[in-house]
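Read through the structure below, which is laid out as C-alpha cells, and then see the notes.
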Amino acid sequence: MNDSIKQPSSAIAPLSTAWLVLVTLTLISPFLGQWLHGAGWLQLLVAGIVWLKGWLIARQFIEIELTHPFIRRVMQGFILFTPVMLLLTVFLGNHFARWATL
C-alpha cells in the first residue's frame, strides 16, 4: 500500500495568500502601466505578471502538482502561451500580425 499519494490541501491560509497576491497584482497593474508608460521593458513586466497570475491559479486553486505529468505539462504550456504571444506581438509586431491573420 502506498501512503505517499498526494492529497489536496484543505488549508485556507495558502489559498487566501494566493488570492491576496492575485488581487494585488490586478490592482497595481493599471498603475504600473501609467507610471512606466513608454518604458521599453514594460511589456516584459506585463508578460511576467500574466504568467505569475496563471501559475498561482494553477498551483493553488487547480492544484496542478497533483495531476498526471501529461496534464501538468499541457497546463504549463497553456499558462506560458499568453505571455509568449504578448511578447511576440510586441517585439515582432508587423511580422507576427501578418503571420497570425487569416
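A short reminder: the numbers here are calculations on the coordinates, not readings from a lab. This structure is a prediction, so every number in the text was calculated from the model and none was measured. Cβ sites come from the backbone with ideal geometry, for glycine too, and all protein chains shown count toward neighbours.
See the values below:
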quantity: Compactness of the chain - radius of gyration and Dmax, Cα, Å; calculated: 17.5, 59
quantity: Ellipticity estimate at 222 nm from DSSP helix runs (n ≥ 4, -39,500 (n - 2.57)) divided over the chain, nearest 500; calculated: -24500 deg cm²/dmol
quantity: Backbone N under 13 Å from the F91 label point (7 Å along Cα→Cβ), restricted to the stretch 26-68; calculated: 41-45, 47-48
quantity: Acute angle (nearest 10 degrees) that the helix 42-56 long axis makes with the longest principal axis of the chain, alpha-carbon atoms; calculated: 20
quantity: Shape call, the stretch 38-86: gyration tensor on alpha carbons, a/c limit 1.5; calculated: prolate
quantity: Estimated vicinal HN-Hα couplings, Hz - the stretch 23-36 in sequence order (Karplus 6.51, -1.76, 1.60; Gly, Pro = x); calculated: 5, 4, 4, 5, 6, 7, 4, x, 5, 4, x, 6, 5, 9
quantity: Unit charges on C-beta of K, R, D, E only; dipole of the chain, Debye; calculated: 220
quantity: FRET efficiency for L80 and I5, using Cβ-Cβ distance with R0 set to 41 Å, rounded to 0.05; calculated: 0.90
quantity: From phi via Karplus (6.51, -1.76, 1.60), per-residue ³J(HN,Hα) for the stretch 89-96 in Hz, x at Gly/Pro; calculated: 5, 5, 8, 10, x, 5, 5, 5
